[in-house]
Amino acid sequence: MIARLLVGLVRLLFGAYPRWLGSAPGPGQRIYFANHGSHLDTLTLWAALPPALRRRTRPVAARDYWGGGGLKGLIAGRGLNVVLIDRQRSDAEADPLAPLHAALAAGDSLILFPEGTRRDEALPGPFKAGLYHLAQRHPQVELVPVFLDNARRSLPKGSLLPVPFICTARFGAAIAPAPGEDKDAFLERARAAVVALA
Amino acid sequence: MSESLVSFVTGLVEGAPAQFWWLLGGLFGLLALASAIGAFLGRGGRGGATVANLNARIRAWWWMVVVLCACFLVGPLATIAVFALTSFLALREFVTLTPTRRGDHAVLLLCFWVAVPLQYWLVYDGWYGLFAIAIPVYGFLLLPAVSALSGDTGQFLERNTKIQWGLMLTVYCISHAPALLMLQIPGFEGRGLLLLLFLLIVVQLSDVLQYVFGKLFGRHLLAPKVSPSKTVEGLVGGGLAATGVGAALWWITPFTPLQAGALAALIVLCGFLGGLALSAVKRSLGAKDWGVMIEGHGGMLDRMDSVCFAAPVFFHIVRYFFT
C-alpha cells in the first residue's frame, strides 16, 4: 500500500523512466549499482523497475540517516523494505556487509550506491570496496551498472523541497570481476561502466 | 453507494448540452474510422515504423479524447485541474531540457509549486485582472530577484530568460485555454466548455491534417532547418481543411459560420507558428522530442505546442469581440 503510493507519487512528479540500454529486465538476482547525488536516487531507481522485480529488490541505505522513525523510517522500512547498513562502525570486529550478504543469500536483489555518500556532481566519485566483496562472495549475482539522470537536479544535497525534473534510470550491461583482477582495477572498471551511461 | 453513483452519472449526462453529445458522437466516429484505417494499413505487420507510429498516435488520441470528455462531464473544476496538470508536465519537460544550475533551485520551486497552482486558481476564481498579469508582471520581477538572492551570477541573464520563457509558454499561455470558461458571452451562458472544445478540436485537427496532407502531397519544405516535416502543401491543405471543419462547427459556438471559419483560420495560423517556434527552441536545446510521455507523439509539449500559441490569441479575440 505504502509502496504503491510511493511509486505513484514518484512517477507523477519525476517520471522515473527506465532505459534498458545494455541489459533487459529479468528475474535473475542482481545488484544494481548507481551514481549517488540525491535522496531521490533510491526512489527513482526503485520506481523505474518493473513491479515484479521491484518486490524482490531492496535498496541499501545508511542506518544513521534512514534508520530512524517518522516519515523517513516509514518510507524506508514499510515502503522500500531497505537493507540498513552502518556507515560508522561501532564494533570494529563486525562485518558491515553482513546484512547485505544475508539479503543476497535470501535471494533478494539489491540497489547499491558504491560511492557511500551523495556527491554534488553529475559523475560518480571513487567506489568503496563493498561492491567488490559482494561480487566475490556471490558470483551468481549479476552486477548491473545504472546511471541516474536529474535526480540530483531535482533534490540536490542541502535542499528540502524537490523540483520535478524528469528523472531517468539508464541500465547498462552487467559486469563481473575478471579472474585475477585486483580490487582497485575492478572498482575503477565498475565506476567507468556507470560513467559510460551518462 | 452504487445508486448514488448512478444518480451522479445520470445527473452529469443530463446536465451536458445537447451539442456536446453530437460532438462526442462525431469525435468517436472519427477516431473509430482512424483506428479502422490504421488497423487496415498495419494488417499482418505491414507498413513498418510509420504505420506503427500512426497507430500509437491514434491510441493516444483515444485516451486524450476520453480523458477530456470525462472532465467536461464532471465540470469546470476537473477541466481546470487537467490543464493545470498539463502545464505542470509541460513545464517539467521544458526545464528538464534546459540547462539549469543549483542556483536556480529556489526559482524553479516557485515556478512549480506557486506559479502553477496560483495561475489555475485564478482561472477557477475568474479573477481576470490578476490572471492576465500575475506571471508577466509579478513573476517577471520576482523570479530574477529570488535568483539574485541565491548568489549565482554565472550566465544569470541566460538562465533567468530561459526559465521565464518556459513559464510563460507552459503555464501562462496554456492556462488561456481553460480561461475560456470564465468568459461571459451573452446568450452562451454555461456552455464555455464547448468553446474550449472548439479551440482544441480545430488546433489538434489542424496538426493532424497538416501532417496527413504533408505526407500525401508534401513537396516543398517550409523551413527545412527548423522542421523536416512541415511543408507548404501540408500547411495549405491541412490548414484549409481544419478551417472548413471549424466553420462547420459553428453550431457549438456563439459565432456565425463565417465568424467560426475566420476564428478557425486564426487558430490554425497561430498553431502553426507555435509548432514552428517551439521546433526551433527544441533544436536549439539539441532535442528531437520534448519527452516520451505520450506514445507515438513524444512529450506533452509536442502535443501542446500549437495550443500554447493559439489559446491566448483566441481567448483575447473572443473576449474583445464577443463579451
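The values are calculated or read from the model by the stated rules, or taken from the named source; none is laboratory data. What you are looking at is a predicted structure, and each value in this text was computed from that prediction instead of being measured. Cβ placement follows ideal geometry from the backbone for every residue including glycine, while neighbour counts extend to all protein chains displayed. What goes into the accessible areas is simple: the full protein's heavy atoms, side chains included, and nothing from ligands, DNA or RNA. Shrake-Rupley method; radii C 1.70, N 1.55, O 1.52, S 1.80 Å.
Numbers at a glance
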{"item": "Answer from B:153, B:161 - the residue that is over 30 Å from residue B:262 (Cβ atoms), not assigned by TED's automatic domain parsing to the domain that holds residue B:30 and not in a helix (DSSP H, G or I)", "result": "B:153"}
{"item": "Scope region A:131-151; condition open to solvent by 20 Å² or more (accessible area, probe 1.4 Å) and not in a loop (DSSP other than H, G, I, E, B); matching residues", "result": "A:132, A:133, A:136, A:137, A:142, A:149"}
{"item": "Residue match in region B:273-293 (condition: at pLDDT 90 or above, buried (at least 21 other Cβ atoms within 10 Å of the Cβ) and closer than 24 Å to residue B:323 by Cα)", "result": "no"}
{"item": "Enumeration of residues in region A:152-185 that are within 14 Å of chain B (Cβ to nearest Cβ), outside any loop (DSSP other than H, G, I, E, B) and out of contact with any Phe, Trp or Tyr (no Cβ under 6 Å at 6 or more places or on another chain)", "result": "A:152, A:169"}
{"item": "Flag if residue B:148 is open to solvent by 10 Å² or more (accessible area, probe 1.4 Å) and either more than 14 Å from chain A (Cβ to nearest Cβ) or farther than 20 Å from residue A:155 by Cα (or both)", "result": "yes"}
{"item": "Scope region B:212-235; condition out of contact with any helix residue (DSSP H, G or I) (no Cβ under 8 Å at 6 or more places or on another chain) and either β-branched (Val, Ile, Thr) or open to solvent by less than 20 Å² (accessible area, probe 1.4 Å) (or both); matching residues", "result": "B:232"}
{"item": "Whichever residue in region A:1-42 is basic (Lys, Arg), closer than 20 Å to residue A:109 by Cβ and surrounded by 13 or more Cβ atoms within 10 Å (Cβ to Cβ) and, among such residues, is nearest to the other protein chains (Cβ to nearest Cβ)", "result": "A:19"}
{"item": "Residue in region B:87-104 that is surrounded by fewer than 18 Cβ atoms within 10 Å (Cβ to Cβ), part of a helix (DSSP H, G or I) and within 14 Å of chain A (Cβ to nearest Cβ) present", "result": "yes"}
{"item": "Candidate set: region A:152-171, residues that are of a type in the set (Val, Ile, Thr) and closer than 24 Å to residue A:195 by Cβ; chosen: the one surrounded by the fewest Cβ atoms within 10 Å (Cβ to Cβ)", "result": "A:168"}
{"item": "Boolean, residue B:120 is more than 8 Å from every other protein chain (Cβ to nearest Cβ), surrounded by fewer than 18 Cβ atoms within 10 Å (Cβ to Cβ) and touching a helix residue (DSSP H, G or I) at 6+ places or on another chain (Cβ under 7 Å)", "result": "no"}
{"item": "Matching residues, region B:43-59, being in a loop (DSSP other than H, G, I, E, B) and either open to solvent by less than 50 Å² (accessible area, probe 1.4 Å) or closer than 27 Å to residue B:299 by Cβ (or both)", "result": "B:47"}
{"item": "Condition broken by residue A:196, with the remaining ones in (1) buried (at least 16 other Cβ atoms within 10 Å of the Cβ); (2) more than 14 Å from every other protein chain (Cβ to nearest Cβ) satisfied", "result": "(1)"}
{"item": "Among the candidates A:74, A:21, A:12, A:53, residue that is touching a residue at least 40 places away in the same chain (Cβ under 8 Å) and within 19 Å of residue A:155 (Cβ to Cβ)", "result": "A:74"}
{"item": "Checking residue A:188 against (1) surrounded by fewer than 19 Cβ atoms within 10 Å (Cβ to Cβ); (2) within 14 Å of chain B (Cβ to nearest Cβ); (3) not basic (Lys, Arg), the condition it does not meet", "result": "(2)"}
{"item": "Qualifying residue in region B:268-289 (condition: touching a Gly at 6+ places or on another chain (Cβ under 8 Å), free of Cβ contacts under 8 Å to residues at least 24 places away in the same chain and within 14 Å of another protein chain (Cβ to nearest Cβ))", "result": "yes"}
{"item": "Qualifying position, being surrounded by fewer than 16 Cβ atoms within 10 Å (Cβ to Cβ), at pLDDT below 85 and part of a helix (DSSP H, G or I), among B:8, B:20, B:40", "result": "B:8"}
{"item": "Verdict on residue B:137 being more than 21 Å from residue B:291 (Cα to Cα) and either assigned to a helix (DSSP H, G or I) or in the same structural domain as residue B:298 (by TED's automatic domain parsing) (or both)", "result": "yes"}
{"item": "From the options B:78, B:115, residue that is more than 14 Å from chain A (Cβ to nearest Cβ) and not acidic (Asp, Glu)", "result": "B:78"}
{"item": "Which listed residue is more than 13 Å from chain A (Cβ to nearest Cβ), open to solvent by less than 20 Å² (accessible area, probe 1.4 Å) and either in contact with a Lys or Arg (Cβ under 6 Å, 6 or more places away or on another chain) or at pLDDT below 95 (or both), from B:185, B:174", "result": "B:185"}
{"item": "Residue match in region A:99-119 (condition: within 14 Å of chain B (Cβ to nearest Cβ), open to solvent by 20 Å² or more (accessible area, probe 1.4 Å) and touching a residue at least 24 places away in the same chain (Cβ under 8 Å))", "result": "yes"}
{"item": "Residue within region B:82-90 that is under 23 Å from residue B:249 (Cβ atoms), assigned by TED's automatic domain parsing to the domain that holds residue B:153 and not hydrophobic (A, V, I, L, M, F, W, C) present", "result": "yes"}
{"item": "So residue A:178, is it without any contact (Cβ under 8 Å) to a residue 12 or more places away in the chain, surrounded by fewer than 20 Cβ atoms within 10 Å (Cβ to Cβ), more than 30 Å from residue B:95 (Cα to Cα) and not acidic (Asp, Glu)", "result": "yes"}
{"item": "Selection count where residues are at pLDDT below 85, open to solvent by 30 Å² or more (accessible area, probe 1.4 Å) and not charged (D, E, K, R), scope region A:50-74", "result": "8"}
